[in-house]
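See below for the structure under consideration.
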Amino acid sequence: MPRKSRIDAPGALHHIIARGIARKEIFRDDTDRDNFLDRLRVILKETKTVCYAWALIPNHFHLLLRTGSAPIATAMRRLLTGYAVSHNRRHRRYGHLFQNRYKSILCQEDVYLLELVRYIHLNPFRAGLVPDLNQLGNYPYSGHCVLMGKFKNDWQDINSVLKMFDKKVGTARRKYNAFVKKGISKGKRPDLIGGGLIRSTGGWSALKAQRRAKIYQKGDERILGDGHFVEKILNAANETMKKKYALKAKGFDLDMVARRVADLLHIECDRVWAPGKHRRVVAARSLLCFWAVRELGISMASLSRKLNISIPAVSQSVIRGENIAKSNQYVLIE
């Protein structure tokens, strides 16, 4: 069966898992780990992607991310490709570093955010990299040490997590640590590493109980959440796909988007493609990028080549274009 396409949307919460090919190591030493984190930091900042939790294990890693201005697929492609190339060059190896596609599970935030933060941050302990919770707080390659205030970085959102426990940082850290400690007895939690109806309902026994009670829910392997959440996400994804197909059926391409932008901003179409920092040109380029990425599904990489600007610059333009469209009530098709 063909693989289903990934589901994403601005603001969506994703649990990302990537493993080494044949479960081999992807991080051989701290230099590898630091290289990966440096790349992650740059990409998160450039794409406005929020990170709530992360953990690096020798043969895999976990990330809990919220989609920013760029699709998660774009951010992950940059991260995995860039790291794999540098890793192979450093260790004089050839071939694929990562196993198949990375796993991306879109998650229901109110139910699973804290559970996933705990699950991800307990991974180094479960993998035997640290002997106990105290040492986990000193392990520098997991977001737990940052939440506990032992290490600092400028790309992990610790405030959103801590304020769920208490307004005061010190109290919040104590409560968070106690919450993590309680998670040790819960085991490996296979229900948190994928989507689908069985995981979302809490296992076979819970699913059977629901069916005995004639309660039926929709499930999807790409989504971790209850039936209503799954249905809402799938409906939104279907609407997005229908919109993209409708635009393509009408012959909408990048040139037509450029003409629409030119009409709205009362400028010549050539100026939409022009380089420079003139206010109107920047606005035109921003609207073009926003509609091209969000409405037509054109990749930021192809836009970057077409406009001769960097992918981070395209990402910034998408954000700016979205604000321009909202504030002026611009639409691609009237």
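Subtracting the Cα-Cα distance of ILE193 and ASN328 from their residue separation scaled by 0.36 nm leaves 44.4 nm.
Among the listed pairs LYS48/LYS188; LYS24/LYS150; LYS48/LYS175; LYS24/LYS188, give every one whose C-alpha distance is greater than 26 Å. Violating the 26 Å Cα-Cα cut-off are LYS48/LYS188; LYS24/LYS150; LYS48/LYS175.
Segment 298-327 and segment 275-290 have Cα centres lying 9 Å from one another. FRET efficiency for the CYS269 to THR171 pair, using the beta carbon distance and R₀ = 41 Å, is estimated at 0.10.
Stretching the chain fully between MET164 and ASP34 yields a gain of 43.9 nm (0.36 nm per residue, less the alpha carbon separation). By accessible area, using a 1.4 Å probe on protein heavy atoms only, segment 1-110 has 50% of its surface on carbon and sulfur. For segment 120-162, carbon and sulfur atoms together expose 48% of the accessible surface, with a 1.4 angstrom probe and every protein chain in place. The modelled label-to-label distance between ASN153 and SER185, using points 7 Å beyond Cα along the C-beta direction, is 3.1 nm. Most tightly packed first, judged by the mean number of other beta-carbon atoms within 10 Å of their residues, the peptides 318-324, 83-89 read 318-324, 83-89.
The values are calculated or read from the model by the stated rules, or taken from the named source; none is laboratory data. From a predicted model like this one, the values you see are computed outputs, not experimental measurements. Backbone-built Cβ (ideal geometry, glycine too); neighbour counts: all protein chains shown. We work out accessible area using only protein heavy atoms, side chains counted, and drop any ligands, DNA or RNA first. Shrake-Rupley method; radii C 1.70, N 1.55, O 1.52, S 1.80 Å.
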